Amino acid sequence: MARQISADPNNGDLIQYYYKCRKEYKALVRKKNRTYKAKTLGTLLDMEHKNPKAFWSVIDRFRNCGNAGKEQANNIDPDIWRDHFKGLLSPATNPVSSMQQQGTSSQNYSRELDKPITMREIFKAIKTLKNNTSCGSDGIKNEMIKGCTCNSNMINCICKLFNMILTTGKFPTSWRDSTIIPIFKNGNPTDPNNYRGIAISSCLSKLFARVLNDRLEGVCNNHHIISDCQIGFRRGFRTTDHIYLIKSVIDKVVKKGKYLYVCFVDFSKAYDRIWREALFYKLECMGIKGDALCVLKDMYQTVNYSIKVNNGITDPIMSNLGLKQGCVLSPILFNLFINDIPDYFLKTGANTDPVFIGSRAINVIMYADDLVIMSMSNSGLQECLDRLHVYCDEWHITVNTEKKQIIIFNRGGKIRSCLMEAH
């Protein structure tokens, strides 16, 4: 029709008919779009609880960043990828051994952690494995491991292998290697900083880590090792618990006509920057010793990462800092590493002016690497920030100052001027 109009531009009937067709076409496109969106929304609502993986797959397709991100990631030079992740996983400078001696705990939980691994523990861990996940270089997938549950001989072999690792304290060499796949987040797709690395490792090593994690969780829960101020990635807890606690404290303080000084703190690259030597020192001080600690130390003795790029895989990078990416043990190890923060604020001589919940004094609540520091006074909150600054210097943790916010709650809604130093 466009050619006809071009050949006969003065034909009014033809032009009128063209505009009519164009109008009908646009109306049809809008109708089809509405029908497609309604159908897709219905599918999403149905999949949200029945099939979460498919749900997020559709969401990613709507974001229209998955394939574009992959194409852009493949266009980034492999050497740039390697240098980028080397800076994250193996920085040029490592923390020096300047740990303040805390004293070794009289407790020793080796009997619970080092007892022989049973087939029942392995069956329990296998039940948590997810299907359709990537496998390590050994080619063993979770579906294969799940298939072993029908053969007691295979589970017995896995059980013997895990017990050998635990008693000898030697982590298999092939399990030390992981492959990082860069996943685009947002921003400039040619900037490696806008990608999140997903580590793919051996499924069998993850199963062993799951068994060890279950034991460590059991010891921490049974003996109340982890502070109640920390609820990140702990069974039986959720973020709304702390939200309710903060709301209750605010209401209680404001009702009395007082001020509540609150600072929200986030650690920068917290998991990637954990000082391993200090972590093992703290674990030993808590009473986590014996074969379990030896395995953990050997697990982190050599950690290698290769980056998957368009033309294959880069040369491995040896990581000498931080917790293992994608390891089920990483959350609880991080919680244990910063477990002494609440007590650090309430040391003898501290003037942190804490909030009292019943008879208990509290200055901080935590969800993994997110902290909410509270005080009843300006000077008390400043004292908390000063102590956090000293703590971070001592244990080589960095605060993300861009995400650090201070709020003062009061009845009238007016905030008094206060000056606090952000370290």
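Points worth noting:
- Against the main long axis of the alpha-carbon atoms of the chain, helix 378-395 sits at an angle near 90°.
- Within the chain, helix-based [θ] at 222 nm, where runs of 4 or more DSSP H residues each add -39,500 (n - 2.57), nearest 500: -15000 deg cm²/dmol
- In order along the range 179-188, phi translates into HN-Hα couplings of 10, 9, 10, x, 10, 5, 9, 6, x, 6 Hz, rounded to whole numbers, per the Karplus curve 6.51 cos²θ - 1.76 cosθ + 1.60 with θ = phi - 60° and x for Gly and Pro.
- Farthest positive-ward along the range 231-345 dipole, Cα basis, beta-carbon charges - from GLY312, LEU293, VAL262: VAL262
- Projecting the Cα positions of ALA7, GLY187, ASN156 onto the charge dipole of the chain (unit charges on Cβ atoms of Lys, Arg, Asp and Glu, taken about the Cα centre) puts ALA7 furthest along the positive direction.
- Taking a sphere under 15 Å around the Cβ of PHE162 and counting the other residues whose Cβ falls inside, with K and R at +1 and D and E at -1, yields a net charge of +3.
- Relative to the Cα centre, the charge distribution of the range 303-423, modelled as +1 at Lys and Arg Cβ and -1 at Asp and Glu Cβ, gives a dipole magnitude of about 440 debye.
- The length gained by stretching the chain between LEU41 and ARG22 to full extension, at 0.36 nm per residue less their Cα-Cα distance, is 4.0 nm.
- Separation of the range 170-214 and the range 270-336, taken as the distance between their Cα centroids, equals 11 angstrom.
- Taking amide hydrogens as placed 1.01 Å from N in the peptide plane, the amide H of PHE184 sits under 5 Å from those of ARG196, each at least 5 positions away in sequence or on another chain.
- For the range 127-140, the Karplus equation 6.51 cos²θ - 1.76 cosθ + 1.60, evaluated at θ = phi - 60°, returns couplings of 4, 8, 5, 9, 7, 6, 10, 6, 10, x, 5, 6, x, 8 Hz by residue, with Gly and Pro reported as x.
- Under Karplus coefficients 6.51, -1.76 and 1.60, residue-wise ³J(HN,Hα) of the range 75-80 in Hz, glycine/proline x: 7, 7, 4, x, 5, 5
- Cut-off under 5 Å, modelled amide H: who pairs with GLN230 long-range: MET366
- Efficiency of FRET from Cβ geometry, THR302 and THR128, R₀ 25 Å, rounded to 0.05: 0.40
- Taking amide H atoms as placed 1.01 Å from N in the peptide plane, the amide H of ILE200 lies under 5 Å from those of THR179, ILE180, ILE181, each 5 or more residues away in sequence or on another chain.
- Label sites at LEU14 and VAL254, each approximated as a point 7 angstrom past Cα along Cα to Cβ, lie 7.2 nm apart.
- Here is the list for the range 258-344: trypsin sites (Lys or Arg not before Pro) lying in DSSP coil, each with at most 15 other C-beta atoms within 10 angstrom of its C-beta, are LYS258, LYS269.
- Those residues of the range 123-137 whose amide nitrogen sits under 13 Å from the label point placed on ASP214, 7 Å along Cα→Cβ: 123-129
- Å² per residue, accessible surface of the chain at 1.4 Å: 57 Å²
- Measuring nothing but how far apart in sequence close Cα pairs (under 8 Å, 6+ apart) lie, relative to its length, the chain scores a relative contact order of 21 percent.
- Here ASN51 and ARG235 are evaluated by their C-beta separation; at R0 = 22 Å the FRET efficiency comes out at 0.35.
- Sulfur and carbon atoms: percent of accessible area, the chain [1.4 Å]: 52 percent
The values are calculated or read from the model by the stated rules, or taken from the named source; none is laboratory data. If you're wondering where the values come from, they're calculated on a predicted model, not measured in any experiment. Virtual Cβ from ideal backbone geometry, glycine too; neighbours counted across all protein chains shown. Ligands, DNA and RNA are stripped out before the accessible areas are found, and what is left, the full protein with its side chains, is counted by its heavy atoms. Shrake-Rupley method; radii C 1.70, N 1.55, O 1.52, S 1.80 Å.
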